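Encoded as structure tokens, the structure appears first; notes follow it.
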């Protein structure tokens, strides 16, 4: 099958800019915890972006997306944060890619945490060309900074 997963690694100044924009986004939209997750981005050595782009439905006609027939699933359109709707199985593919990435990082003792809040801001900033994206900040320090809430 075709691979619809897209990835990008951010470091240095991109991390600072992303963290600043996340804080602003939270303030402007009134959505909570963007500032908290921005602090995690600021403290990271890198952020892995994992997204999905132009994924076609699997043609299973399973109804998981809310439509009985895949042909009835509307073409993705821009929403407030992401493009959608999407085939539920393609979203499962995104979850599998994220799970593999964080497992591999963890096997190398790199602390990480999947964060939704990174995604809409990275997409808005044009840091990655993806319809739906999540971020994984990475840190290799003495203490896991992502589970200190």
* Asked: Going by the structure shown, is residue 11 at pLDDT 95 or above, touching a strand residue (DSSP E or B) at 6+ places or on another chain (Cβ under 7 Å) and either over 19 Å from residue 141 (Cβ atoms) or surrounded by 11 or more Cβ atoms within 10 Å (Cβ to Cβ) (or both)?
  -> yes
* To do: Could you tell me whether the stretch 128-145 includes any residue that is assigned to a helix (DSSP H, G or I) and in contact (Cβ under 8 Å) with a residue 60 or more places away in the chain?
  => yes
* **Residues of the stretch 50-75 that turn out to be under 18 Å from the mean Cα position of the chain (by Cα) and either buried (at least 18 other Cβ atoms within 10 Å of the Cβ) or farther than 26 Å from residue 31 by Cα (or both), as a count** => 5
* Asked: Here are some conditions: (1) surrounded by 16 or more Cβ atoms within 10 Å (Cβ to Cβ); (2) within 29 Å of residue 147 (Cα to Cα); (3) more than 14 Å from the chain's Cα centre (by Cα). Residue 103 meets all but one. Which one does it not meet?
  -> (1)
* The one condition in (1) touching a strand residue (DSSP E or B) at 6+ places or on another chain (Cβ under 8 Å); (2) closer than 19 Å to residue 147 by Cβ; (3) surrounded by 14 or more Cβ atoms within 10 Å (Cβ to Cβ) that residue 38 fails to fulfil -> (1)
* Scope the stretch 14-30; condition within 28 Å of residue 88 (Cα to Cα) and surrounded by 13 or more Cβ atoms within 10 Å (Cβ to Cβ); matching residues -> 22, 25, 26
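The values are calculated or read from the model by the stated rules, or taken from the named source; none is laboratory data. Just so you know, these numbers come straight off a predicted model, no measurement behind them. Every residue, glycine among them, receives a Cβ derived from its backbone with ideal geometry; neighbour counts consider all protein chains shown.
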